[in-house]
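A.B. asks: Have a look at this one before I ask anything.
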Amino acid sequence: MTDARPARFVGRSILRREDQRLLTGQGQFVADIALPRMLHAAFVRSPLAHARVRTVELTHAASAPGVALALSGADLARMLPPIPDTQLSLPSKWRTSVQHKLHNPQQPLLATDKVRHVGEAIAVVVAESRYAAEDAAELVHLDLEPLPAVVDPEQALRPGVALVHERLQSNLIGEFSIGKGEIDAALARAPRKLQRRFYHHRYGGVPMECRGVVGVHDSRTDCVTIWSATQVVHWVRREAAVILGLPEARVRCIAPDVGGGFGVKGHVYPEDLLIPFLARKIGRPVRWIEDRHEHFLCSTHSRDQIHEVEIGFDNEGRVLAFRDHFIVDCGAWNPIGAGIIYNTAAHLLGPYKIEHFAAAARVVATNKVPSAAYRGAGRPEASFAMERSMDLIAAAVGVEPAEVRHRNMVRADEMPYAVGIPYRDGEPIVYDSGDFQAGLAKALEAVGGSEAFRRRQRDARDQGRYLGLGIGCYVEGTGVGPFEGATVRIDPSGKIYLSAGACAQGQGMETIFAQIVADAWSVQPDDVIISLADTAGIAMGFGTIASRSTVTLSAAIHHASERLRKKVLSISAHLLECSAADLELRDGGVGIVGVPAAMVSLAKIAQAARPGWDHGRPDGVEPGLEETYYFEPQTVTWTNATHVAIVEIDIEVGRVKIEKYAIAHDCGVVVNPMLVEGQIIGGAAQGLGGILLEGFTYDSQGQLLTGSLMDYLLPTASDVPDIQLIHLHSPSPLNPLGVKGVGEGGAIGPPAAIANAVSDALAPFGAEFNETPIRPEQIVERTRIGERP
């Protein structure tokens, strides 16, 4: 798309004139459309974490060779409103059932009055090439008045500290509380109590492919097409239509094959809206491709929570009361509101029965990159706090950590189990199915069992070696609403066409949904045509986030197919001159039960369904074979898992070697075992990276110190052990296929499992690891305090 030869748009493709010519019925060639040469955008980003914007001088940049346009935030503010409310709004049922206060400022597409983190965009330059755009961006002169940087979220709440958003008059931009039982009384009468502070540090998804946006405007129809590396094409279309002042029907968003999302691409960014605006204003296609340094500076980070936990328990290790006050550092903006933060509160109880519970969250603005979803999305932080607490309780009462968990777990015969607090959809949390105790037992069995390990551990300590066993259990709400849609159509060729709003980022969605459609219609997966992540394919869609697509879209496919099947059987009965009750789907067609030769193909049925005088439809049956269904789940399904790790610690250099790692995972009915294993093990690799390697580090001035892959350490093949995976199957009663979500779960368990294993190994030193990440220098320091055993 970088030369000026004529081209055409057909679906996702751009067809060259010499490759494709469309012939009209009169034998005339359709007129060629000359596609203008694509322009490239480069952003001028703030070098300061917190500063007032005095002036942005664009004169030299605008006159640089090849520059088509240069705009500042002030210029853009005169042309466009602030970015629309792109947050994942929580439903009214949640807002009425949870005591809360949330203030989320709107982020401008380009900074105007202030910059609030290093990397925030202040101006944009559009030029004939990326080189020209970046060279011109260097010519932009910024006059910024430095302001004190707010970096520590606890200090951000102190009186007199600089305000990230002055109009809010506080850096506290949100808070809520939930609970059940009588927490104060239960803690007061508990035989034993403990308090701990847990910190889950800031890191992020770091997908292989960074973000990118291409915008094209058709002046003839005033239509805009957006190609974006996003997980939410319909959301991008909706917000772009508002910004551009166009009806949604004139805006199309397509997400081609996206090289990883992990939640980082799960909301609308300013660039998603600004690039199509520029294309429409200039009248030429505009492209912006994020580089890795930009990705670290302006794509969202995640985690970054501080938990103050108080627990009451008895002498047997049974938890009587659990209270958690936690702070979330959301950075300069809060792109998706309370969704992730409330996820943490809703998942704190995990697989355990705890009668008295309270959680209070505070959301704090700082001068860091905004924080949003990353695989797990608030759940790893919850699991870390609870699972470290379980090990601390076990140590306090002198009971094996696995036994303490077993005593506190919800039993299989108690399912469905009402937890007693609302989920983020506003519905009461009810664990729909599962056997938590069996999962714990199977994961322990996979690493050789607790008793055998304790013998090994004692022998190793006698030799000066330090082995540890750690457990991380969790539950995960999956398949959240509000909806997902599917259009199922039978093509005249007999192929089944599926269009949906889900967006693939390498999970194997095309395979999964082809299997589901093929099973529904008794055809081969190769006979299914899949169209995902294209707003032209289906009117409404929600997108791929929150371990939801297989749950919600499979149900939409099921219901759309059920509706369409009735019509197919009606037409087939007319063609075969029999009753529809005598028919069945088989081998790519419809046949009479028990009569192999009496059959009609789906292709013939589709042809009979076409409008016209000589159709093959019975009277009263409308033409066409297409149905759309929007599945609106009442609430979520509940996945669960147990991770168990055995580690050996070299205390001289602080190295953590993972000797064994096992996961017992229950995601209901498994549609494709290979893809499920890839999801779980891939998530576990990211979780291991989070606890041992990765991290965004800032200095006191709000400068990001880990701004490249030379500083931000990702796990490699040598860092990830062989992982033994055990599948448990507890079908969900909440959807037709009995499936539960699986995309995020693997990343939830490793931080807790590894922290518990390292703490267990170094128990002779009295060392506790209640914060992430675990660094070699921390291990060396904590094992050198006092006398070695």
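The values are calculated or read from the model by the stated rules, or taken from the named source; none is laboratory data. The shown structure was predicted, so the numbers you read here are calculated from the model rather than taken from an experiment. Ideal geometry is used to build each Cβ from the backbone, glycine not excepted, and the neighbour counts take in all protein chains shown. Quick note on the areas: whole protein, heavy atoms, side chains included, nothing else; ligands and nucleic acids left out. Shrake-Rupley method; radii C 1.70, N 1.55, O 1.52, S 1.80 Å.
A.B. asks: Would you kindly derive the ³J(HN,Hα) couplings of the stretch 361-376 from the backbone phi angles with the Karplus curve 6.51 cos²θ - 1.76 cosθ + 1.60 (θ = phi - 60°), listing them in order in whole Hz, with x for Gly and Pro?
C.D. replies: Whole-Hz 3J(HN,Hα) from phi for the stretch 361-376: 10, 10, 9, 10, 8, 9, 8, 10, 4, x, 10, 8, 6, 8, 1, x.
A.B. asks: Can you tell me, using C-alpha contacts under 8 Å and at least 6 residues apart, the relative contact order of the stretch 561-614 as a whole percent? Spell out each step's value before the answer.
C.D. replies: On the way: 47 pairs, mean separation 14.2, N = 54.
Normalised by residue count, the contact order of the stretch 561-614 is 26 percent.
A.B. asks: Another question, then. Quick one: which residues, 5 or more positions from residue 147 or on another chain, have an amide H under 5 Å from its amide H? H modelled 1.01 Å from N in the peptide plane, none for Pro or chain starts.
C.D. replies: Close amide H contacts, sequence-distant or interchain: 50, 51, 52.
A.B. asks: What per residue convex hull volume, in Å³, do the alpha-carbon atoms of the stretch 365-404 yield?
C.D. replies: Hull volume normalised by residue count: 88 Å³.
A.B. asks: Within 10 Å of each candidate Cβ there may be at most 15 other Cβ atoms; applying that plus a DSSP loop requirement, which GluC sites (Glu not before Pro) in the stretch 245-351 survive?
C.D. replies: Taking the stretch 245-351 and a limit of 15 other Cβ atoms within 10 Å, the loop GluC sites (Glu not before Pro) found are 316.
A.B. asks: Also: Please give me, ordered by residue number, the GluC sites (Glu not before Pro) of the stretch 542-617 that lie in loop per DSSP and have at most 15 other Cβ atoms within 10 Å.
C.D. replies: Numbers: sites: 562, 577, 584; in loops: 577.
Of the GluC sites (Glu not before Pro), the ones in loops of the stretch 542-617 whose Cβ has at most 15 other Cβ atoms within 10 Å are 577.
A.B. asks: Mind listing the long-range amide H neighbours of residue 114? Cut-off is under 5 Å, sequence gap 5 or more, other chains count too, H placed in the peptide plane at 1.01 Å from N.
C.D. replies: Here 53 satisfy the definition.
A.B. asks: Any idea which of 56, 463, 499 is furthest toward the positive side of the dipole for the chain, if Lys and Arg beta-carbons carry +1 and Asp and Glu beta-carbons -1?
C.D. replies: Farthest towards the positive pole: 56.
A.B. asks: Can you work out D for the stretch 95-137 in µm² s⁻¹ from Stokes-Einstein, where Rh is the Kirkwood radius over C-alpha pairs, the temperature is 4 °C and the viscosity is 1.567 mPa s? Write down the numbers at each step before the final one.
C.D. replies: Working: Rh = 13.8 Å.
It comes out at roughly 94 µm²/s.
A.B. asks: What are the membrane-span-like helices in the chain by this rule: whole DSSP H runs, Cα extent along the axis at least 20 Å, mean Kyte-Doolittle hydropathy at least 0.0?
C.D. replies: On the way: long enough: 379-397 (27 Å, 0.28); 549-576 (38 Å, 0.30); 673-692 (28 Å, 1.01).
In the chain, the long hydrophobic H runs are 379-397, 549-576, 673-692.
A.B. asks: Over the stretch 388-518, what number does the Rg to Rh ratio reach, with both radii from the alpha-carbon atoms and Rh per Kirkwood?
C.D. replies: On the way: Rg = 22.7 Å, Rh = 19.5 Å.
Ratio of gyration radius to Kirkwood radius for the stretch 388-518: 1.16.
A.B. asks: With +1 on each Lys and Arg Cβ and -1 on each Asp and Glu Cβ, how big is the dipole of the chain about its Cα centre, in debye rounded to the nearest 20?
C.D. replies: Dipole of the chain, to the nearest 20 debye: 820 debye.
A.B. asks: So, one more: Name the lysines eligible as straight-distance cross-link partners of residue 442: C-alpha to C-alpha under 22 Å, and not fewer than 8 places from it in the same chain.
C.D. replies: Answer for residue 442, where 22 Å is the Cα cut-off: 353, 660, 740, listed by chain and number.
A.B. asks: Tell me which GluC sites (Glu not before Pro) from the stretch 319-388 have a DSSP coil assignment and no more than 15 other beta carbons within 10 Å of their own.
C.D. replies: On the way: sites: 355, 381, 387; in loops: 355.
Sparse-neighbourhood loop GluC sites (Glu not before Pro): 355.
A.B. asks: I've got another one for you. Between 761, 700, 746, whose Cα lies farthest towards the positive end of the dipole of the stretch 685-789 when Lys and Arg beta carbons carry +1 and Asp and Glu beta carbons carry -1, centred on the Cα centre?
C.D. replies: Positive-end residue among those listed: 746.
A.B. asks: On to the next question. Quote the accessible area belonging to residue 593 in square angstrom, nearest 10, computed with a 1.4 Å probe and with ligands, DNA and RNA left uncounted.
C.D. replies: 80
A.B. asks: Can you tell me what percent of all Cα-Cα pairs in the stretch 235-310 are more than 17 Å apart? Could you put the intermediate results ahead of the total?
C.D. replies: Numbers: 1616 of 2850 pairs.
Here the tail beyond 17 Å accounts for 57 percent of pairs.
A.B. asks: Tell me which aspartates and glutamates have Cα within less than 12 Å of residue 193's Cα, excluding those fewer than 8 residues away on the same chain?
C.D. replies: Within the straight-line limit of under 12 Å, residue 193 reaches these aspartates and glutamates: 310, 314.
A.B. asks: Same structure again: With +1 assigned to the C-beta of every Lys and Arg and -1 to the C-beta of every Asp and Glu, and no other charges, what is the dipole magnitude of the stretch 697-789 about the Cα centre in debye, to the nearest 20? Please report the intermediate quantities before stating the final value.
C.D. replies: On the way: 5 positive and 11 negative charges, 47 e Å.
Its charge dipole is roughly 220 debye.
A.B. asks: Would you list, by chain and number, the lysines whose Cα falls below 19 Å from the Cα of residue 101, excluding same-chain residues fewer than 8 positions away?
C.D. replies: 93
A.B. asks: Sticking with this structure for a sec: Would you please put 532-544, 505-517, 47-59 in order of how densely packed they are, using the mean number of other Cβ atoms within 10 angstrom per residue and starting with the highest? Provide the component values of the computation, followed by the final result.
C.D. replies: Numbers: 532-544: 22.9, 505-517: 20.6, 47-59: 18.4.
Highest mean packing first, the order is 532-544, 505-517, 47-59.
A.B. asks: Read through the labelled values [x] 94, 80, 50; [y] 87, 80, 53; [z] 107, 68, 49 and report the label of the one computed as Cα extents along the principal axes in Å from the structure.
C.D. replies: It is the one labelled [x].
A.B. asks: Right, here's the next one. Using only the C-alpha atoms of the stretch 461-510, find the volume of their convex hull and express it per residue in Å³.
C.D. replies: Working: hull volume 8.8 nm³, N = 50.
Normalising the Cα hull of the stretch 461-510 by residue number yields 176 Å³.
A.B. asks: Using only the Cα atoms of the stretch 413-465, what are the Rg and Dmax in Å?
C.D. replies: 18.9, 55
A.B. asks: Also, quick follow-up: Dipole size in debye (nearest 20) for the stretch 668-744 around its Cα centre, Lys and Arg Cβ +1, Asp and Glu Cβ -1?
C.D. replies: Working: 1 positive and 7 negative charges, 71 e Å.
Result for the stretch 668-744 is approximately 340 debye, rounded to the nearest 20.
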